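Visitor: One structure follows; several queries about it will come next.
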Amino acid sequence: ALWLGHQLIEDSIVRQDYRAALTFIDGSTGGGEVATTATNELRRGLSELLGVQPLRGPGEAGAHGIYLGLRGRSARLDHYLATADVPDLGSEGYHLVYHDGDVLLLADDEPGLLYGAFDLLRQVQALTDLRSLNRTEQPAYAHRILNHWDNLDGTVERGYAGFSIWNWHQLPEYIDQRYVDYARANASIGINGTVVTNVNANSLIFREDYLDKAKALADIFRPYGIKLYLTARFSSPMELGGLDTADPLDPAVIAWWKEKVEEIYARIPDFGGFLVKANSEGQPGPWEYGRTHAEGANVLADALAPHGGIVVWRAFVYSDEAGRDRFREAYDEFTPLDGRFRNNVLVQIKNGPIDFQPREPVSPLFAAMPRTPLMLELQITKEYLGQGTHLVGLASMYEEVLGTDLRPTEPGGEVHQLISGIAGVSNIGTARNWTGNLFGQADWFAFGRLAWAPQTAAREIFAEWAGLTFGRDPEVIDSITQMLALSYPACVNYMTPLGLHHIMNTGHHYGPGPWIDDLGRADWNPYYYHGATRDSIGFDRTSTGSDALSQYPEGFARRYADPATTPEKFLLWFHRLPWDYELAGGNTLWRELGLRYQLGVEQVGEMADIWSGLEGRIDAERFRHVSQHLAIQQREAEWWRDACLAYFRSVSGRPLPEGVPAPP
Ligand code: GCW
């Protein structure tokens, strides 16, 4: 059901009002696949909400209903347009309005009808007064894409919700109903693309039988306005094509990609394109041949261009060059390539410069490639934030990232203004509830909503999700909204307060491990990221240290160069400070660190209390599911606090600050 449960409206008077206003659905859509989905979804959703099927319109004289259609195709809509000034809605936008007793849903292209239909269903679920409807919506970006890190053998990298939902073994003959449910869920929140394979890619996906399987998925997704993408392993021409090189400038390699892409489009005419991880963490890439990322990306881009496909090339690269701050690497590698990519290449940048930490400053690269369209990569699966166990509402983090102003001295420098699309690393798996932890659904939902409208407030998304998922009881909605709003600050406090980062236990990244210092590569060691000694702690990224700060635009860098003006939440990302350093509020760094860990624990306690208050107002199964997870989270928040503080005490030689309880 996810957020598409569509609860019957309990109040019979209210229900009757909606029934009277929505007696029929009249579609003048041209009858394409996507428009048909829109009508079907409306019919299905409204029957669930109102308990009756709306008729096929246009009903009897005097009856009111929904008219949906494309501009210029229906007398009723054109009658409205004669007096109303509706702007160009683009290929995915819509206009939803109440007019002379009817609800009108208008678009310039079919996907707009689909998104408008789901919007109308949300309005009815939330009991919005139809007479107040007047919405003109367009997505902020053309690319709103899920990235699955799903392997062809059914496992999921950093997936905490079971196995992959793609059953490659039984495709293309067996079509699991889940594929359809998945497409509906994504369409309902505006997601219009999905990369179904892992960035740590397998060239097998390009073998003909696998392409047939991929085609079967694309055929399911198409009526929901979703394009299929695949990850491309750079060495595929060798592994699959039998060539002895994958050099992107080699004519045989160029020809191989061109032909492969033609094979794909012969099956999937609207194929989205390739997502590529190259020369990163052991993945093959153009560097093997002395070529740049741009040269590598362009050969794929040229093959895709005639068919309208794109290449999304990841900037997540780092090597083990001794002594180099990993923070700097993506910027150092990619900025010289600005302007050298074909125009159907987008560079995809993780929100932070290191790796999906609970809180990272945003990557300086977002403000440094003005001639290259950029995608923001967010992680929905919670690799470093308690994975499938902890309840952490990621909308708060996404909101913070999207709203960060990298050029505070001039307009246009907020991250959401610097990008052309958003990708989210999926948290979906075979778990009964799709995401393992039920609240993981909220993160998937929030990703979609923010990819559509990046300036939506996290709190609004939390409340909307709570209502769609748990029903209309305002107390339930308020409580869940409060829990979600508390959860992100709580997690940062009990894991990595004041700008600590990458101190998770190594490899699996679950639980604390700031003491680990014996791994082969410097930057794999949690210790590397804080370097605590008897006197001080933190990573100096100012000009006296790695100078990563100089990668940011002037106004931003200036503020962060001085610990006194650096936002406290990022302090230890940029500065190495004595334990006795005095913070704005008067506490020493040591004391504040202790109090933050303690606060994180208390905040989880508060979340658990709020949840207990909902007993009896939520079905027993979901109540128990969340309670049990919260109990683990509470214990583990204490574990984080106790382990980190015990370790930092052992290095600094300081006693526990007053107000922090001693470990048992
Ligand atoms: O966060 C790291 C993960 C890897 C992942 C990599 C990446 C897909 O630990 O599991 O590999 O990032 O983003 O490529």
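Visitor: What are the residues in segment 118-176 that are closer than 18 Å to G225 by Cα, in a helix (DSSP H, G or I) and not acidic (D, E), if any?
Guide: F118, L120, L121
Visitor: A further question on this structure: Here is a list: L152, L171, L133. Which entry is outside the structural domain of T435 (by TED's automatic domain parsing) and on the phi < 0 side of the Ramachandran plot?
Guide: The conditions single out L133.
Visitor: Within segment 237-260, is there a residue that is assigned to a loop (DSSP other than H, G, I, E, B), acidic (D, E), more than 26 Å from L438 (Cα to Cα) and touching a Phe, Trp or Tyr at 6+ places or on another chain (Cβ under 7 Å)?
Guide: yes
Visitor: Going by the conditions given, is G613 in contact with a Lys or Arg (Cβ under 8 Å, 6 or more places away or on another chain), in contact (Cβ under 8 Å) with a residue 40 or more places away in the chain and exposed (fewer than 13 other Cβ atoms within 10 Å of the Cβ)?
Guide: Considered against the rule, which asks whether it is in contact with a Lys or Arg (Cβ under 8 Å, 6 or more places away or on another chain), in contact (Cβ under 8 Å) with a residue 40 or more places away in the chain and exposed (fewer than 13 other Cβ atoms within 10 Å of the Cβ), G613 comes out as no.
Visitor: Let me ask you something else. Specify which of the listed residues (L519, L549) is touching a Ser or Thr at 6+ places or on another chain (Cβ under 8 Å), within 16 Å of the ligand (Cβ to nearest atom) and either part of a loop (DSSP other than H, G, I, E, B) or at pLDDT 95 or above (or both).
Guide: When all the criteria are applied, what remains is L519.
Visitor: For segment 427-437, name all the residues that are surrounded by 19 or more Cβ atoms within 10 Å (Cβ to Cβ) and either closer than 17 Å to L486 by Cβ or free of Cβ contacts under 8 Å to residues at least 60 places away in the same chain (or both).
Guide: Within segment 427-437, N437 is the sole residue that qualifies.
Visitor: Separate question: Quick check on segment 258-285: of everything there that is of a type in the set (A, V, I, L, M) and more than 18 Å from Y318 (Cβ to Cβ), which residue is nearest to the ligand (Cβ to nearest atom)?
Guide: By that ranking, first place goes to L275.
This table checks each residue for (1) modelled with pLDDT of 95 or more; (2) under 23 Å from the mean Cα position of the chain (by Cα); (3) not in a loop (DSSP other than H, G, I, E, B).
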| residue | (1), (2), (3) |
| --- | --- |
| S479 | yes, no, yes |
| Q482 | yes, yes, yes |
| A485 | yes, yes, yes |
| Y488 | yes, yes, yes |
| H508 | yes, yes, no |
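Visitor: For a quick check of your reading of the model, give me the residue pairs whose first member lies in segment 274-291 and is in a helix (DSSP H, G or I), whose second is within 14 Å of the ligand (Cβ to nearest atom), with beta-carbon atoms closer than 8 Å and at least 6 apart or on different chains.
Guide: Listed pairs, sorted by first residue: P286/F234; P286/A278; P286/N279; W287/A278; W287/N279; E288/N279.
Visitor: Now for a different question. Just checking, which of D181, D209 is assigned to a helix (DSSP H, G or I), more than 26 Å from N40 (Cβ to Cβ) and more than 16 Å from the ligand (Cβ to nearest atom)?
Guide: Only one candidate qualifies: D209.
Visitor: On the given criteria, is F206 in the same structural domain as L450 (by TED's automatic domain parsing) and surrounded by 22 or more Cβ atoms within 10 Å (Cβ to Cβ)?
Guide: The answer is yes for F206.
Visitor: Name every residue in segment 383-409 that is without any contact (Cβ under 8 Å) to a residue 60 or more places away in the chain, over 19 Å from R314 (Cα atoms) and not β-branched (V, I, T), in order of residue number.
Guide: E399, E400, G403
Visitor: What number of residues within segment 396-412 satisfy the criterion of being closer than 22 Å to I380 by Cα and small (G, A, S)?
Guide: The total comes to 2.
Visitor: Would you say H95 is part of a loop (DSSP other than H, G, I, E, B) and either closer than 20 Å to I9 by Cα or at pLDDT 95 or above (or both)?
Guide: no
Visitor: Looking at this structure, is E288 more than 15 Å from the ligand (Cβ to nearest atom) and touching a helix residue (DSSP H, G or I) at 6+ places or on another chain (Cβ under 6 Å)?
Guide: no
Visitor: Please determine whether any residue of segment 153-160 is hydroxyl-bearing (S, T, Y), within 16 Å of the ligand (Cβ to nearest atom) and surrounded by fewer than 18 Cβ atoms within 10 Å (Cβ to Cβ).
Guide: Yes, some residue in segment 153-160 is hydroxyl-bearing (S, T, Y), within 16 Å of the ligand (Cβ to nearest atom) and surrounded by fewer than 18 Cβ atoms within 10 Å (Cβ to Cβ).
The values are calculated or read from the model by the stated rules, or taken from the named source; none is laboratory data. Please read these numbers as outputs of a predicted model, since none were measured by experiment. So basically every Cβ, Gly included, is an ideal-geometry build from the backbone, and we count neighbours across all protein chains shown.
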